[in-house]
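The values are calculated or read from the model by the stated rules, or taken from the named source; none is laboratory data. In this text, all values refer to a predicted model and were calculated from it rather than measured experimentally. Here the Cβ is made from the backbone with ideal geometry for all residues, glycine too, and neighbour counts use every protein chain on show. Keep in mind that these areas ignore ligands, DNA and RNA; they rest on the heavy atoms of the full protein, side chains included. Shrake-Rupley method; radii C 1.70, N 1.55, O 1.52, S 1.80 Å.
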Amino acid sequence: MVEFRTLKGTHDLLPDELFIWRQVERSIHTNMQQNGYGEIRTPVFENTELFVRGIGTETDIVTKEMYTWIDQGGTHLTLKPELTAPVTRAYIQHELGKSNPINKLYYIDSLFRRERPQKGRQRQFNQFGVEVFGSEFPEQDAEIIIMAFTFLQSLGLSEINLEINTIGSQSIRGKYIEVLQNLLNKYRKDFSDIDKQRLDKNPLRLFDSKDSKCREVVNEKSPTIYDYISKEDKLHFNNVCSILDNLNIKYSHDKKLVRGLDYYNNICYEFVSSNIGSQDSFLAGGRYDGLIKKMGGPDYSGCGFAAGVERIRLLCSKNLKLPSGLNYVAIAIGKENKIKAMKIINKFRGELEFNKYFPIDFICRDNLSKGLRYASEKKADYALILGDDEILNKKITIKELKTRKQTKINISNLFNYLLD
């Protein structure tokens with residue numbers, strides 16, 4: 001018989017792991033709402049051309065990693081490999097710029113890329129990110145970076161580094177690419193076939209090459225794009241850095257840092273950690289002025305970042321702890337008491353304050369020993385016992401499982417008793 005298992009690059013999230021996952025998600029929602037960002041959700045698949053136009057035809061995502069198919073109507077569809085393009089599409093489609101001059105949006109969503117699975121990176125993975133449309137000011141870039149830093153701090157993360165650079169505006173890109181191609185062509189023989197194609201079509205992609213020889217040549221021989229940026233671009237970059245300095249946000253200026261997607265320009269940055277393997281970047285972003293216009297919308301500015309939730313989860317493993325167990329298990333003893341006991345417990349579950357402090361697992365067993373064994377296996381602290389005598393006299397027995405001490409009280413006093 002065939003044994004069905006998860007496919008390569010996918011995994012199940014079980015209750016214990018999801019408990020910590022939810023803590024990360026709660027922190028995301030809290031931080032975003034405190035900063036005035038609104039949540040957005042887009043469909044799981046989009047028109048393939050959206051990603052081709054938005055991400056770039058020569059990127060690894062478009063050429064090798066997208067899950068694409070043709071539906072029965074002949075439309076080319078793709079499971080989302082990233083979220084800036086879909087969120088930009090939604091911004092244009094719903095004319096959000098008309099209702100607000102600056103739109104601040106965030107998302108948590110599942111994405112799909114057919115790449116080699118590794119630590120913290122799967123073929124189905126989850127991203128958290130923000131997009132801001134309508135602000136070209138350096139203060140906006142700084143605000144996003146500071147917000148990311150504050151969020152990571154809220155999770156107790158400390159062994160992380162911020163690397164920042166500017167790749168300038170699109171107007172200086174052509175000159176730099178020409179110089180880069182002329183220089184790196186001398187080392188063409190050392191490149192793989194894929195990197196040779198990148199050298200011809202989009203040499204900036206060589207900075208993200210997975211080939212060690214290529215990376216060595218690029219890092220040692222190539223000029224930095226920072227040396228070619230305009231005065232305006234440098235002023236924008238210096239203004240962002242000045243704000244970070246004044247708010248005591250530590251960073252390093254990595255002049256070799258570029259972003260792998262075609263739509264980026266000007267500010268780019270990454271938060272990195274050595275605790276998640278060789279692929280050490282877990283949150284990255286920058287500015288993408290011109291993307292909205294390129295995708296058919298108004299000529300508005302844009303900037304944002306995206307973070308891998310799985311990678312953040314790995315970094316949080318030491319800081320976010322599982323609960324020791326489910327604190328309360330209610331045990332109905334005997335078949336006759338089942339309905340009455342369920343009514344009693346559901347009444348308490350329906351009270352918001354009670355449910356906030358005391359979540360209850362309910363079971364029905366033929367005898368008390370079986371019920372207590374279940375509570376012990378669940379690592380509960382207390383058993384709330386509802387037997388014949390308790391139901392008849394409107395009482396409930398509370399048994400502390402570690403000390404075996406038990407107390408019988410009026411059911412109406414349960415909340416106040418537990419709260420004390």
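Some notes on this structure:
- Every pair of residues 6+ apart whose Cβ atoms lie under 8 Å, when the first sits in the stretch 239-254 and is touching a residue at least 12 places away in the same chain (Cβ under 8 Å) while the second is assigned to a helix (DSSP H, G or I) and open to solvent by 50 Å² or more (accessible area, probe 1.4 Å): 239/139; 243/139
- Among the residues listed as 63, 42, 48, 30, the single one being of a type in the set (S, T, N, Q) and modelled with pLDDT under 90: 63
- Every residue from the stretch 156-171 that is open to solvent by less than 10 Å² (accessible area, probe 1.4 Å) and touching a helix residue (DSSP H, G or I) at 6+ places or on another chain (Cβ under 6 Å): 166, 167, 168
- Strands (runs of 3 or more DSSP E) wholly inside the stretch 339-420 that include at least 3 residues being open to solvent by 90 Å² or more (accessible area, probe 1.4 Å) and charged (D, E, K, R): none
- Within the stretch 135-146, the set of residues being under 25 Å from residue 298 (Cβ atoms), open to solvent by less than 10 Å² (accessible area, probe 1.4 Å) and in a helix (DSSP H, G or I) comprises 141, 142, 144.
- Screening 281, 212, 301 for residues that are of a type in the set (Ser, Thr, Tyr), free of Cβ contacts under 8 Å to residues at least 40 places away in the same chain and under 29 Å from residue 53 (Cα atoms) leaves exactly one candidate, 281.
- Here the stretch 225-246 is the region considered, the condition is being among the acidic types (Asp, Glu) and surrounded by fewer than 17 Cβ atoms within 10 Å (Cβ to Cβ), and the residue that is farthest from residue 264 (Cα to Cα) is 245.
- Which listed residue, of 51, 151, 128, is in a strand (DSSP E or B), out of contact with any Asp or Glu (no Cβ under 6 Å at 6 or more places or on another chain) and either open to solvent by less than 40 Å² (accessible area, probe 1.4 Å) or under 27 Å from residue 204 (Cα atoms) (or both): 128
- Flag for residue 128 being at pLDDT 95 or above, more than 29 Å from residue 10 (Cα to Cα) and not hydroxyl-bearing (Ser, Thr, Tyr): no
- Candidates 300, 269, 288, 328, filtered to the one that is at pLDDT 80 or above and open to solvent by 50 Å² or more (accessible area, probe 1.4 Å): 300
- Scanning the stretch 32-48 for residues that are of a type in the set (A, V, I, L, M, F, W, C) and in a loop (DSSP other than H, G, I, E, B), we see that the one that is most open to solvent (accessible area, probe 1.4 Å) is 44.
- Residue within the stretch 216-235 that is in contact with a Gly (Cβ under 7 Å, 6 or more places away or on another chain), aromatic (Phe, Trp, Tyr) and under 22 Å from residue 171 (Cα atoms) present: yes
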